[in-house]
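Only the coordinates and a few stated rules stand behind these numbers; no lab work does. What you are looking at is a predicted structure, and each value in this text was computed from that prediction instead of being measured. Neighbour counts are summed over all protein chains in view; Cβ atoms, including those assigned to glycine, are modelled from backbone coordinates with ideal geometry.
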Amino acid sequence: MLKHGILGLLNYGDMSGYEIRQVFQDSLNYFWTAQTSQIYREIGVLEKNGWIEKRTVEQDGRPNKNICSITAEGRRELLRWLSEPDIDMDMRSSTLMRIFFMGELPHSESLDFFKELSKNYHAALDGLKKAKDSVSSYQEMIPDKRSALFWQMTLDFGRRYMQMYLDWTKSCIDLLESMEERK
């Protein structure tokens, strides 16, 4: 999946590994996380597969920069992946697994957990609001402005997803607090 994300970014234009990482952090990272080492490892795999090419740009006083470009074969692979009918309905969540068994903890610890969870979801929602600004700046860099419409769609999903988590977390906190009051 990460390889297709990188191919998608390179489809917009040539980038160095550092630039791929930056754009990834500003956009895709909100729904698909990847470490810098994973991105660089995938760049090597993409080059080996013939889906990207690298050229070295010499720089004065700084290390040389490797610029990656998507190849025709890489673009075919990107389009093949985009047209796949496979839809991801994976609902795995280590957080939900933990919550399922949280009845084993003291009530106060469970309540504290949900309050901390709420803070994290608020921070993620704030991050998505900042990502909206990134979409505007990256939109200026690409020739087909229509692509930004799909970026907006994924950001909207992320915002709604985080809002659903916040609403759910609040209802859990309310339930736990009402249980506390009944004691």
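Here are some notes:
- Intensity falloff of the stretch 2-82 expressed as log10 I(q)/I(0), Debye formula with alpha-carbon point scatterers, at q = 0.14, 0.17, 0.18, 0.26 Å⁻¹: -0.43, -0.63, -0.70, -1.32
- The chymotrypsin sites (Phe, Trp or Tyr not before Pro) found in the stretch 69-129 that occupy coil by DSSP, while having at most 16 further C-beta atoms within 10 Å, are F101.
- Calculated [θ] (222 nm, deg cm²/dmol) that DSSP helices of n ≥ 4 give over the chain, each run adding -39,500 (n - 2.57): -22500 deg cm²/dmol
- Maximal additional length on extending the Q22-E47 stretch stands at 7.0 nm, based on 0.36 nm per residue less the C-alpha distance.
- Length-normalised contact order of the stretch 94-182 in % [C-alpha pairs under 8 Å, at least 6 apart]: 44
- Against the rule of thumb 2.2 N^0.38 Å, how large the Cα Rg of the stretch 79-148 comes out: 1.75
- Note on E181 and N66: the model spin-label points, each 7 Å out from Cα along the C-beta direction, lie 6.0 nm apart.
- Within the stretch 1-88, the GluC sites (Glu not before Pro) that combine a DSSP coil assignment with at most 15 other C-beta atoms in a 10 angstrom radius are E58.
- R0 of 22 Å, Cβ-Cβ distance L96-K129: FRET efficiency to nearest 0.05: 0.30
- Rg/Rh ratio calculated on Cα atoms of the chain (Kirkwood radius): 1.09
- Charge tally around R55: other residues with Cβ under 12 Å, Lys/Arg +1 each, Asp/Glu -1 each, net -2.
- Percentage relative contact order, the chain, counting C-alpha pairs under 8 Å, at least six apart: 22
- Inter-part distance, the stretch 73-137 to the stretch 155-169, computed on C-alpha centroids, equals 9 Å.
- Contact order for the stretch 19-109, expressed relative to its length and based on alpha carbon pairs under 8 Å spaced 6+ residues apart, stands at 16 percent.
- Surrounding net charge for A148, when Lys and Arg each add one and Asp and Glu each subtract one, Cβ distance under 14 Å: -2
- For the stretch 1-100, the list of trypsin sites (Lys or Arg not before Pro) that fall in a loop by DSSP and count at most 15 other C-beta atoms within 10 angstrom reads R92.
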